[in-house]
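> One structure, pasted below without further comment.
Values quoted throughout were computed directly from the atomic coordinates according to the rules given, and no laboratory measurement underlies them. What you see is a predicted model, and the numbers here were worked out from it, not measured in a lab. Heads up, the Cβs are rebuilt from the backbone with ideal geometry, glycines too, and the neighbour counts pull from every protein chain shown.
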Amino acid sequence: MEELVRRIQEEGNVLSEGVLKVDRFITHQVDPKLMEQIGSRFAEVFSQKNITKVVTIESSGIAPAIYTAQSLATPMIFARKEKSLTMDEELLTSSVYSFTKQLASTISISRKFLNEQDHVLIVDDFLANGQAAKGLIELCQQAGAQVEGIGIVIEKSFQTGRQLLEDMDVPVVSLARIDSLKEGEVSFKQADA
Ligand code: 5GP
């Protein structure tokens, strides 16, 4: 997606060879116009999959996921990282090791929001080593829901995430694919959509 690549080039900050900061338009301050374009693109790509739910993880996945869900006319569910006092029902849970926080946390979704009839599209802001997406796939599997695909806004292709997810037989569609973040420069490879 050309507009996304342009924004990363103009407004992204390379923090290290492994980490890109995009807090001006995705992860802290959010550009709704760009998110709307991202949501429409994912909806278009997965239009034949009869998606019934869009699933993401708090917090930075929520913005692209909500616009995707709006375009597909489905609900959006975000997995929580902290157990809330109001989550008093049966939960689907999984353990996720966070790339940015460097610690493991339990993520959860209320059982009542996913079932065997669901065809799920997982959406997230970044794909690094694939742990967040894998945790979300596990939650869907516990519910008996079918994961039809994964929509990623920014994939760091030099990390292991895509391989992990493809080995799980889940199609991955990334709107921007980063080849390297060496010497403070972002270099891109051909994106999926
Ligand atoms: P993974 O689980 O694939 O290893 O990492 C993906 C998660 O870590 C995403 O949900 C995202 O929040 C965070 N993440 C991974 N790499 C980056 C990065 O370079 N920049 C930012 N801002 N977040 C990242």
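> If you fit an axis through the alpha-carbon atoms of helix 62-72 and take the longest principal axis of the Cα set of the chain, what angle between them do you get, 0 to 90°, nearest 10?
The answer is roughly 70 degrees.
> If you find the alpha carbon centre of segment 144-193 and of segment 89-114, how far apart are they in angstrom?
With segment 144-193 and segment 89-114 each reduced to a Cα centre, they are spaced 21 Å.
> Quick one: what do you get for segment 24-69 if you divide its Cα Rg by 2.2 N^0.38 Å?
Here the answer is 1.14, to two decimals.
> For the chain, state the semi-axes of the equivalent ellipsoid (square roots of 5 times the eigenvalues of the alpha-carbon gyration tensor), sorted largest first and rounded to whole angstrom.
After diagonalising the Cα gyration tensor, the semi-axes are 26, 18, 15 Å.
> Given an 8 Å cut-off on Cα distances and at least 6 residues of separation, report the relative contact order of segment 1-94 as a percent.
22
> With unit charges on the beta carbon (Lys/Arg positive, Asp/Glu negative), name the residue among S98, G39, G144 whose Cα is farthest towards the positive pole of the charge dipole of the chain.
Of the candidates, S98 comes out farthest on the positive side.
> Another question about this same structure. How big is the dipole moment of segment 1-72 about its Cα centre under a simple scheme where the beta carbon of each Lys and Arg is +1, that of each Asp and Glu is -1, and everything else is neutral? Debye, nearest 20, please.
Once rounded to the nearest 20, the dipole reads 220 debye.
> Just want the answer: with Cβ charges of +1 for Lys and Arg and -1 for Asp and Glu, which residue in M1, A191, V30 is farthest toward the dipole's positive end in the chain?
It is V30.
> Output ³J(HN,Hα) for segment 176-193: one whole-Hz value per residue in order, computed from phi by the Karplus curve 6.51 cos²θ - 1.76 cosθ + 1.60 with θ = phi - 60°, and x for Gly and Pro.
Karplus values, whole Hz, x for Gly and Pro: 9, 10, 9, 7, 7, 10, 6, 6, x, 9, 8, 10, 9, 10, 4, 7, 7, 8.
> Next question, about the same structure. For every helix of n ≥ 4 consecutive DSSP H residues, a contribution of -39,500 (n - 2.57) applies; sum these over the chain, divide by its total residues, and give [θ] at 222 nm rounded to the nearest 500 deg cm²/dmol.
Estimated from H runs of four or more residues: -8500 deg cm²/dmol.
> So how far apart, in nm, are the two label points at Q117 and Q9 if each is 7 Å from Cα heading toward Cβ?
Here the modelled spin labels are 4.7 nm apart.
> Something else now. Rounding to the nearest 20 debye, state how big the charge dipole of segment 35-177 is about its Cα centre with +1 on each Lys and Arg Cβ and -1 on each Asp and Glu Cβ.
Around 260 debye, computed over segment 35-177.
> Give me the number: length gained by fully extending Q190 to S47, i.e. 0.36 nm times residue separation minus the C-alpha to C-alpha distance, one decimal in nm.
Fully extending the segment from Q190 to S47 adds 49.3 nm.
> Something else now. In terms of modelled amide H atoms, which long-range or inter-chain residues lie less than 5 Å from the amide H of I77?
V54, V55, T56
> Further question: Could you sort out which of K134/K182; K112/K156; K33/K81; K49/K182 sit more than 30 Å apart by Cα distance in this structure?
K112/K156; K49/K182
> Next question. Give the range of the longest stretch in the chain that excludes all GluC sites (Glu not before Pro) found in loop regions by DSSP and having at most 14 other beta-carbon atoms within 10 Å.
Result for the longest clean stretch: 117-184.
> So, one more: Say each of S98 and D169 gets a label point 7 Å from the Cα, pointing the same way as Cα to Cβ; how far apart are those two points in nm?
Rounded to a tenth, the inter-label distance reads 3.3 nm.
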